[in-house]
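A.B. asks: My structure is below; once you've seen it, I'll send some questions.
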Amino acid sequence: MKTIKQVLAVVVAVALTLGVFSLALGVATPAFSAVTLSSFLPAAQSAGQPIPMTPLTDLQSLNATATLTVNGDIDEQRTKGALNAVLAMNGENSKVTVSGPLLGELAAEVGGSLVGLFTPSKVDLYKTPAGAYVVIGGLVPVCVKPKALNDTETLDDLNPQSLMTMLTNPEVARGELVGEQKLNGMTVKEYVIDGESFVAAAQKSSDKKLRKFGDSLYSAEDISLFVDTKTGHPVGLRGDFSGEFEPLKFEGDFGVDIQLTGMNTSPKVALPSACNRPISQ
């Protein structure tokens with residue numbers, strides 16, 4: 001902070017000196033705008049102190065949930081409802097199960113023409129060393145093996161671990177400590193992140209995914225972040241946003257609630273028999 005103040009002091013001093021000389025000589029000088037001065041400052045960050053955390057990437061296995069509630073428009077159709085994503089990750093194998101009233105809106109994004117034949121009860125995304133598989137649940141489950149990696153991008157964006165990692169990026173994870181409480185049997189510290197500062201920092205983030213998310217937001221309420229007192233991992237996050245949510249082609253108000261329900265629990269992750277002969281598309 002001292003270094004930044006020193007740099008600003010030098011810049012202002014130079015600007016004033018040039019201004020005095022230009023007035024004396026009758027020469028016009030370029031205006032030193034806020035934009036010019038801002039070039040000497042670091043990228044924007046959320047207000048408050050950096051929240052100390054241990055990244056989720058150091059966990060070998062975990063269980064987590066994410067709930068997305070929306071109230072707005074999807075493809076210009078009024079929509080109100082929720083999506084639930086449940087993650088089981090063990091080493092290189094993971095499974096994300098997405099279900100809820102909005103599943104029909106999402107399924108067409110990941111299942112293509114197949115989902116037009118029936119209404120799925122859930123959609124599972126499996127990630128294994130052999131590749132990615134999408135299992136569309138119903139009376140007869142259908143297993144699809146996408147040819148392109150980005151074919152699962154929509155489901156990847158709903159992965160609780162991915163969501164938590166993005167929303168707790170150090171550039172936006174700055175706030176004030178509220179106190180301690182219990183969450184899913186863990187003692188956690190609760191922090192509050194200023195919503196407006198979060199949006200401003202996200203829009204200038206060096207992380208492409210976070211910056212895209214920030215650019216899609218109009219506003220955000222204050223965000224509650226919960227950090228495990230023992231391990232330092234972020235184990236809970238609740239926030240309300242207004243704007244667009246690309247994975248659902250949604251625009252309006254939406255809430256995000258992410259919770260880690262188990263760390264290093266070694267959950268079993270195995271492909272169902274439907275994936276013995278998957279459909280490739």
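The values are calculated or read from the model by the stated rules, or taken from the named source; none is laboratory data. A quick note: this is a predicted structure, and the numbers were derived from the prediction, not measured. With ideal geometry, Cβ positions are generated from the backbone for all residues, glycine too; neighbour counts draw on all protein chains shown.
A.B. asks: Cβ contacts < 6 Å: first residue in the same structural domain as L87 (by TED's automatic domain parsing) and in contact (Cβ under 8 Å) with a residue 60 or more places away in the chain, restricted to the stretch 211-235; second residue buried (at least 16 other Cβ atoms within 10 Å of the Cβ) and among the polar types (S, T, N, Q), any location; separation 6+ or different chain. Result?
C.D. replies: Close Cβ pairs (under 6 Å, with a partner that is buried (at least 16 other Cβ atoms within 10 Å of the Cβ) and among the polar types (S, T, N, Q)) amount to P234/T168.
A.B. asks: With the structure loaded, tell me whether V199 is part of a strand (DSSP E or B), touching a strand residue (DSSP E or B) at 6+ places or on another chain (Cβ under 7 Å) and closer than 28 Å to T261 by Cα or whether it fails that test. I'd like the intermediate steps shown before the answer.
C.D. replies: On the way: part of a strand (DSSP E or B): no; touching a strand residue (DSSP E or B) at 6+ places or on another chain (Cβ under 7 Å): yes; closer than 28 Å to T261 by Cα: yes.
No: the conditions fail for V199.
A.B. asks: Now for a different question. Kindly indicate whether G255 is over 20 Å from E153 (Cβ atoms), of a type in the set (G, A, S) and touching a Lys or Arg at 6+ places or on another chain (Cβ under 8 Å).
C.D. replies: Working: over 20 Å from E153 (Cβ atoms): yes; of a type in the set (G, A, S): yes; touching a Lys or Arg at 6+ places or on another chain (Cβ under 8 Å): yes.
So G255 passes the test.
A.B. asks: Next question, about the same structure. Do we find a residue being free of Cβ contacts under 8 Å to residues at least 60 places away in the same chain and of a type in the set (F, W, Y) anywhere in the stretch 244-258?
C.D. replies: Our first condition is that a residue be free of Cβ contacts under 8 Å to residues at least 60 places away in the same chain; within the stretch 244-258, this holds for 244.
If we keep only those that are of a type in the set (F, W, Y) too, we end up with none.
Checking the stretch 244-258: not a single residue is free of Cβ contacts under 8 Å to residues at least 60 places away in the same chain and of a type in the set (F, W, Y).
A.B. asks: List the pairs whose first member sits in the stretch 77-91 and is closer than 22 Å to P129 by Cα, whose second member is of a type in the set (A, V, I, L, M, F, W, C) and surrounded by fewer than 19 Cβ atoms within 10 Å (Cβ to Cβ), and whose Cβ atoms are under 6 Å apart, counting only residues at least 6 apart or on separate chains?
C.D. replies: What qualifies is A88/V269; N90/V269.
A.B. asks: Given the condition within 12 Å of the chain's Cα centre (by Cα) and without any contact (Cβ under 8 Å) to a residue 24 or more places away in the chain, answer yes or no: does some residue in the stretch 157-172 qualify? First the steps, then the outcome.
C.D. replies: Pass one, the stretch 157-172, residues within 12 Å of the chain's Cα centre (by Cα): 157-169, 172.
Restricting the remaining residues to those that are without any contact (Cβ under 8 Å) to a residue 24 or more places away in the chain gives 162.
The answer is yes; a qualifying residue exists.
A.B. asks: Going by what's in this entry, would G232 be described as within 28 Å of T54 (Cβ to Cβ) and more than 16 Å from the chain's Cα centre (by Cα)? Talk me through it step by step, then tell me what you get.
C.D. replies: Numbers: within 28 Å of T54 (Cβ to Cβ): yes; more than 16 Å from the chain's Cα centre (by Cα): yes.
Judged against the criteria, G232 is a match.
A.B. asks: With respect to the numbered conditions (1) under 27 Å from D73 (Cα atoms); (2) modelled with pLDDT under 95, which one is the sole condition not fulfilled by F198?
C.D. replies: In the conditions (1) under 27 Å from D73 (Cα atoms); (2) modelled with pLDDT under 95, F198 misses (2) alone.
A.B. asks: Do we find a residue being modelled with pLDDT under 85, over 16 Å from F245 (Cβ atoms) and crowded, with 18+ Cβ neighbours inside 10 Å anywhere in the stretch 161-168? Working first, answer last.
C.D. replies: Going residue by residue through the stretch 161-168, those that are modelled with pLDDT under 85 are none.
No: the stretch 161-168 contains no residue that is modelled with pLDDT under 85, over 16 Å from F245 (Cβ atoms) and crowded, with 18+ Cβ neighbours inside 10 Å.
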